[in-house]
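To keep things clear, I will list the structure first and then write my remarks on it.
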Amino acid sequence: MKKYIIFLLLIVGCASKSNKATIKISLKDSNNLKITGIANDILHEINRDSATTAVWQSLIPVYRMPKDTDLKDYQPPQPGKYVVTDSGVVFTPDTPFIKQQAYFLRFYQFGGGNELLEYMQHRKKLGQVGYMDLIFKQ
């Protein structure tokens, strides 16, 4: 039941912000990725859930970039811990990020990005949730 409430909050939150969320990521140090740009009310509502890590991993998972980027949709998520702060979410992986290894955060755009251009450019198919991949490297 909570997952449905969180999903509805994301739809309402993203739709109320002109359908364009501005998500930013930055490496705080070699072991922490800071994610900002998610509405505060959504951050704190999701943080109330007892299974917060599982929820965050389904909404903004972090992956290791494979050498063959065509296979990036088949990678397992990077295990780690998500902590909500005043300004965003901090992801700390179970094992430190490897230097010169590329990683990416996948941000699912619930409620937004339903533009015809995305369908025409094959970035989205009917019935799928759009997403944006943010690539980073230590």
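Considering the stretch 57-76 alone, what residues qualify as being part of a loop (DSSP other than H, G, I, E, B), more than 10 Å from the chain's Cα centre (by Cα) and hydrophobic (A, V, I, L, M, F, W, C)?
Correct list: 65 only.
What is the number of the single condition among (1) surrounded by fewer than 18 Cβ atoms within 10 Å (Cβ to Cβ); (2) at pLDDT 90 or above; (3) assigned to a strand (DSSP E or B); (4) not small (Gly, Ala, Ser) that residue 100 does not meet?
(3)
Taking the condition of being modelled with pLDDT under 85, within 19 Å of residue 95 (Cβ to Cβ) and either in contact with a helix residue (DSSP H, G or I) (Cβ under 7 Å, 6 or more places away or on another chain) or assigned to a loop (DSSP other than H, G, I, E, B) (or both), how many residues in the stretch 21-56 meet it?
1
The values are calculated or read from the model by the stated rules, or taken from the named source; none is laboratory data. Predicted model, so just to flag it, every value in this text is computed and none were measured. Here the Cβ is made from the backbone with ideal geometry for all residues, glycine too, and neighbour counts use every protein chain on show.
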